[in-house]
Amino acid sequence: MERFEDFFQVIKEKIEESWSEFVHSIYQNQKKTMYYLGTGLFLAVLFAVVIITSQTRIKTSLIHKMAFEELPSAKIEPLEYAAADQTIQKTKAISVMFSKPNGEELAEVFQLIKDKESEMNRGVYYYPIVYDTQSFLDTYGVKANEITFVFFENGQEKNRFTYDSLKTPTEDFIPELNRLPMWNIRQLDE
């Protein structure tokens, strides 16, 4: 029992001595200490910035691989993940398809667009809902499990429909898409 007490007493003394030496060296070398603290703080902030920006880049890269590599038509344009809000707000008129990047219904929509591309009077931007944060879903009033088409004019929603709401999608889809306001979005932007 005395051995353990002696052992702990020795450790306690060494810790107190090390701490005392550390505090003494800080007071003796204040410039050097401030330099190290400043450098350490700068490196910590730099590391945090790199982590935050790399996460956005990784998410964008994953979305490009998952959703944008095999778009079936030139009438479907990718809506960049990181700039979606700004694009919607700054574009005079834009039609956006919000959808998960996979599923039977999405395959049907893509096939319909591919088959009836010549009947479409406008292009559609595609925003894949991969990171379906609740704030995003609330902002645009879309559901992650539905394919929703929304027309925005000057950043304000003007019209919308869901693919599920169509009774006969093969016949109604392209006419419904063409009924969204504005005939030619490209001309309006120019």
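Values computed for the structure shown
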| item | result |
| --- | --- |
| Whichever residue in segment 177-190 is at pLDDT 50 or above and surrounded by 16 or more Cβ atoms within 10 Å (Cβ to Cβ) and, among such residues, is nearest to Asn154 (Cα to Cα) | Leu180 |
| In segment 145-164, the residues that are in contact with a strand residue (DSSP E or B) (Cβ under 7 Å, 6 or more places away or on another chain) and not aliphatic (A, V, I, L, M) | Glu146, Thr148, Phe149, Phe151, Phe152, Glu153, Glu157, Lys158, Asn159, Arg160, Phe161, Thr162 |
| Residues satisfying the stated conditions in segment 145-156, i.e. open to solvent by 20 Å² or more (accessible area, probe 1.4 Å) and part of a loop (DSSP other than H, G, I, E, B) | Asn145, Glu146, Asn154 |
| Qualifying position, being at pLDDT below 85 and open to solvent by 80 Å² or more (accessible area, probe 1.4 Å), among Glu17, Glu13, Glu5 | Glu5 |
| Any chance Lys59 is over 21 Å from Ser135 (Cα atoms) and assigned to a helix (DSSP H, G or I) | no |
| Test: residue in segment 116-126 that is touching a residue at least 12 places away in the same chain (Cβ under 8 Å), assigned to a loop (DSSP other than H, G, I, E, B) and farther than 20 Å from Asp172 by Cα | no |
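The values are calculated or read from the model by the stated rules, or taken from the named source; none is laboratory data. Every value quoted in this text rests on a predicted model; they were computed, and no experiment measured them. Cβ atoms come from the backbone with ideal geometry, glycine included; neighbour counts cover every protein chain shown. Accessible surface is based on the protein model in full, side chains and every heavy atom, while ligands, DNA and RNA are left aside. Shrake-Rupley method; radii C 1.70, N 1.55, O 1.52, S 1.80 Å.
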